[in-house]
1. Would you check if there is a residue in segment 98-105 being within 20 Å of the chain's Cα centre (by Cα) and not assigned by TED's automatic domain parsing to the domain that holds residue 210?
2. On the basis of being outside the structural domain of residue 318 (by TED's automatic domain parsing), modelled with pLDDT of 85 or more, under 20 Å from the mean Cα position of the chain (by Cα) and not aromatic (Phe, Trp, Tyr), does residue 87 make the cut?
3. Out of (1) at pLDDT 80 or above; (2) within 19 Å of the chain's Cα centre (by Cα), the odd one out for residue 185 is which?
4. Taking the conditions exactly as written (of a type in the set (Gly, Ala, Ser) and surrounded by fewer than 24 Cβ atoms within 10 Å (Cβ to Cβ)), does residue 103 satisfy them or not?
Amino acid sequence: MPPAGVAAVQVRHRGLLTFAITLGPLMQVLDSSIMSVALRHMQGTLSAAQDQIAWVLTSYLVAVAIMTPLSGVLSSKFGRKRVFLVSIAGFIVASMLSGMSDSLTEILIYRFIQGFFGAALVPVSQSMMLDIYPREDFGVAMAWWGVGIMFGPVFGPTLGGYITEYYSWRWVFYLNLPVGVLAFLMISVFAPETRDSDRPFGYLGFIALALGMVCLQLMLDRGERLDWFTSTEIIILAALAGLGFYWFAINTATSRRPFIDAAVLRDKNFVLGLLIKALFGAVLIGMLALIPPFLQNLAGYPVITTGLVMAPRGIATMAAALIAGRLVKRLDPRHLIAFGMVVTGLTTWQMSTFTPDVGPAEVFTVNFIQGIGFGFFFVPLSTVTFSTLGQHHRNVGTSFYALSSNVGKGIGVSILVAYLVRNSQANHSALVEYATPFNKALGHVPLPETWSFIHPQGLAAFNAVISKQASLIAYVNDFRALALVILISAPLVYLMNNPLPRFAAMAQSQSQGQEAP
């Protein structure tokens, strides 16, 4: 095994290989982002109820929850290149089958298979990217990898809306074919094979973690529809999730053959990186869950216009990621992460000042600045998180890094949506108390002719206005809560160790022909 600090493998055509590696996760995250837009169109074609069509997302997420932590073990045992190629091949075949589905049962099966193979694409691609760059260039590696990762969540809704509006939801799946074939061919030609160890597989630890993740994912996905803990199903899922995680923790601490080496969880930078990455996942997906509905339902933006005003955030994110990747070699990465979090928090607070009359220019500007914050947050965080983790722990590390992001996304969306719905209902109830003919304030202001306390049509029009105001207040509260969480969490990054002194020592030892510490 090569010494830490140098490239794990020597490769030719590093630029082409970097491009090929980013195609795998780009395909996976783009597919996941587009799918949420296409569900409404799929529902009519497949003659499915709203609750039934939601399982198209759930089946995929359950498979990802099972396979993401397993991807690191498989990569160590069979090699990253082999696992990556099998994952790409399985993903594009399952995508084709999903696009050809004519029934709800078929697409649920094929989506599960798609998630089964797609789960490894993000963590394994990150491991491969870290393999072909020396440790002091991790910032550059994570910048290019981040461009692929960020493309999907940011441009996915825009692309999905265009495809489903002008073509068919089936092309959401067929789009994966050319990208997947290109990635498969380039990886086959340019990527070297790597295997880290033949460490025994911890079956009990994996079963415990899989139980916890599957139950947690189902609970988060179905909680709002079943009214959370008023549902027996949600209570059972929460209990099983807790049991699974408890069993996994005990197995990791006491077993002679744990699923993951406990030493990984003793790395301070790595553990804090997992926590902050989960927060990042909640923020990113939370924004995507709040802004488009706000613009479409309250501000009256068409779907295409919503996608266009959201697009600048993606452009800014990718540009900032490339800049941050260069800066991490010169500036303390923790300062860059904190800067990204502050920018993200302030722009999120600015969104709480949006009204239904907000113009496209203001939305455009705020999204662009927020994209800069995302770029400065994501790349330095990946660099610091893996700066102290041994190369032999990299496969497990990247799989749990991806897992933490998935958990953060699930928790973030569930909390924000639940808070939005309940807050809207509470605000509506509070406002309705004053919407009576006995309210003297209403007698001193001219009311629109369409409002009436007598006719049903007038009451309906008045109630629609109240509902809109209640939703607006709920969105404001959601944005402010999210902004406060981001800003309050920013100091956490300074609990991590600055990797720059370590990088400098590695560079010096390499120049002297010695092993890096």
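1. If we filter segment 98-105 for residues that are within 20 Å of the chain's Cα centre (by Cα), which is where we start, we get none.
Checked segment 98-105: no residue is within 20 Å of the chain's Cα centre (by Cα) and not assigned by TED's automatic domain parsing to the domain that holds residue 210.
2. yes
3. Here residue 185 clears every test but (2).
4. yes
Listed here are the residues, each with its yes/no results for (1) outside any helix (DSSP H, G or I); (2) of a type outside the set (Phe, Trp, Tyr); (3) within 30 Å of residue 292 (Cα to Cα); (4) in contact with a helix residue (DSSP H, G or I) (Cβ under 7 Å, 6 or more places away or on another chain).
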position: 467; (1), (2), (3), (4): no, yes, yes, yes
position: 472; (1), (2), (3), (4): no, yes, yes, yes
position: 488; (1), (2), (3), (4): no, yes, yes, no
position: 498; (1), (2), (3), (4): yes, yes, no, yes
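The values are calculated or read from the model by the stated rules, or taken from the named source; none is laboratory data. Small disclaimer: the values here were computed from a predicted structure and weren't measured. A quick note on method: Cβ atoms are made from the backbone with ideal geometry, for glycine too, and the neighbour counts reach across all protein chains shown.
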